[in-house]
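Notes for the one structure printed next.
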Amino acid sequence: MTMIRTTLATISVLFALALPAEAADDGIAAPTLRANVTVTADVVRIGDLIDNAGSAALIPVYRSPDLGTTGALPVAQVLSVLRAKQVIGVMTGDIKEVSVTRLTRTLANKDLENAVATALERRFGLGEAANITVTFDRGISDMRLDASNTGALQPVATRYDARSGRFDIAFEIGNDNNPAPTKLRFTGTAIETVEVAVLTRDIDRAELLKSSDVTLERRPKAEVTGEPASRDRTIGMQLRRPMRAGTPIRVADIVKPDFVQRDQSVTIIYQVPGLYLTTRGKAIESGAEGDTISILNLQSKRTLTGVVTGRGEVTVQGASQSAPMAPAVEQTSSLKRDEVPAAAALARSLVQAPTSPAQIAQAQIPQVRVSQAPAKSE
């Protein structure tokens, strides 16, 4: 009796799948083999291989290829397997082999790093996710999952040690073929970093930073105390102290370049309205543009204070000097009456009260004539 029932069931399946000529007239679709098959599960079913498989569609017949790969099946082999499952009468047309591709969802290493950084963002004392550098314990390249895992990476458990930077995070991904989500777990280190200019070679204090001397890197935030310097901000500047290659540069480490070096010969410029005088001197200290430094007048041997206004130039403003007035300065068309005392004081402080025409010529005072005649009374 059991054999009779089995035979009847087999006949029923064969009848459902067979394609006699009159079946088309009755609107019954014939089972038809597919030349190209894509699957998302780990098994290939009859319904994946043929159209109009009817009740046999869910019967598994092959193990799927590896994730993201394609396999080929000869048609004769496929028909043999289908006959073993009591499926006959399949239309093959001119198909010689069936190509089976297993679809996959690829999670790139960068995607996984971003997922971990996002899970830690603004937590445990960390900052923006873009500034968190993630390193996995095991080298993880691209991760492949069944294409049925269509959900987003959702962190469900997060642990982090701020002292060591160690993390342990569990994720879940929704699965279309399974009510239970796919679980993933990652461990490693996550450190907050900053983008900072780094020296490519040893640099001395007096050197100007060139484009080739500086590169941009990400360094652990703990290594850069203070505001990190950008690459553009460092080029053309000087360091406050000698630094070695590989050292990150902070804003506090750079200064404007020195226009005057200590012990350098400089031009001393003395200016008041209508008066311009220059003489030679020596810098007692170094200074960048705008710095106030001490200088020695080589002619008078006096120490003056001036502002660095150019390379090798220091300007002494008239209001800052209180030297006594020279015995005689005549007014000209470019020097107002009330500026005569300042001009006389200038001459005395910078050239040590010249007494001869030769000394006066060395002082280089345009539009001012200095003489030894007594000053005119008002």
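Worth pointing out:
- From R280, R262, residue being outside any strand (DSSP E or B), touching a strand residue (DSSP E or B) at 6+ places or on another chain (Cβ under 7 Å) and at negative phi: R262
- Residue list for segment 138-165, filter: touching a helix residue (DSSP H, G or I) at 6+ places or on another chain (Cβ under 7 Å), surrounded by 11 or more Cβ atoms within 10 Å (Cβ to Cβ) and in a loop (DSSP other than H, G, I, E, B): I140, D142, L153
- E207 outside the structural domain of T40 (by TED's automatic domain parsing), more than 24 Å from the chain's Cα centre (by Cα), surrounded by 13 or more Cβ atoms within 10 Å (Cβ to Cβ) and farther than 28 Å from T118 by Cα: yes
- Residue match in segment 34-49 (condition: farther than 20 Å from A147 by Cα and assigned to a strand (DSSP E or B)): no
- Test result for A288, surrounded by 13 or more Cβ atoms within 10 Å (Cβ to Cβ), more than 21 Å from V194 (Cβ to Cβ) and either touching a residue at least 60 places away in the same chain (Cβ under 8 Å) or touching a strand residue (DSSP E or B) at 6+ places or on another chain (Cβ under 7 Å) (or both): yes
- Qualifying residue in segment 60-68 (condition: closer than 30 Å to T193 by Cα, assigned to a loop (DSSP other than H, G, I, E, B) and not basic (K, R)): no
- Only residues that are over 24 Å from G290 (Cβ atoms) and in a loop (DSSP other than H, G, I, E, B) were counted in segment 224-259, giving 6.
- Condition met for L49 (in the same structural domain as T182 (by TED's automatic domain parsing) and either aliphatic (A, V, I, L, M) or surrounded by 14 or more Cβ atoms within 10 Å (Cβ to Cβ) (or both)): no
- Sole exception among (1) under 19 Å from V39 (Cα atoms); (2) crowded, with 18+ Cβ neighbours inside 10 Å; (3) not charged (D, E, K, R) for V90, by number: (1)
For (1) in the same structural domain as M143 (by TED's automatic domain parsing); (2) over 23 Å from D146 (Cβ atoms); (3) small (G, A, S); (4) modelled with pLDDT of 90 or more, each residue gets a yes or a no:
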site	(1), (2), (3), (4)
F15	no, yes, no, no
S55	no, yes, yes, no
L58	no, no, no, yes
T70	no, no, no, yes
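- Scope segment 265-275; condition at pLDDT below 85 and assigned to a strand (DSSP E or B); matching residues: Q271, V272, L275
Here's the yes/no breakdown for (1) surrounded by 14 or more Cβ atoms within 10 Å (Cβ to Cβ); (2) of a type in the set (A, V, I, L, M); (3) within 13 Å of A119 (Cα to Cα); (4) assigned by TED's automatic domain parsing to the domain that holds L120:
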| position | (1), (2), (3), (4) |
| --- | --- |
| F167 | yes, no, yes, yes |
| A170 | yes, yes, yes, yes |
| I173 | yes, yes, no, yes |
| L184 | yes, yes, no, yes |
| V198 | yes, yes, no, no |
| R201 | no, no, no, no |
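- For segment 26-44, the set of residues classified as surrounded by fewer than 18 Cβ atoms within 10 Å (Cβ to Cβ), at pLDDT 90 or above and within 24 Å of N178 (Cβ to Cβ) consists of T38, V43, listed by residue number.
- Residue that is farthest from G54 (Cα to Cα), among those in segment 98-135 that are among the charged types (D, E, K, R) and surrounded by 14 or more Cβ atoms within 10 Å (Cβ to Cβ): E121
The values are calculated or read from the model by the stated rules, or taken from the named source; none is laboratory data. As the structure is a computational prediction, the values presented were derived from the model and not from experiment. Please note: Cβ atoms are built from the backbone with ideal geometry, for glycine as well, and neighbour counts cover all protein chains shown.
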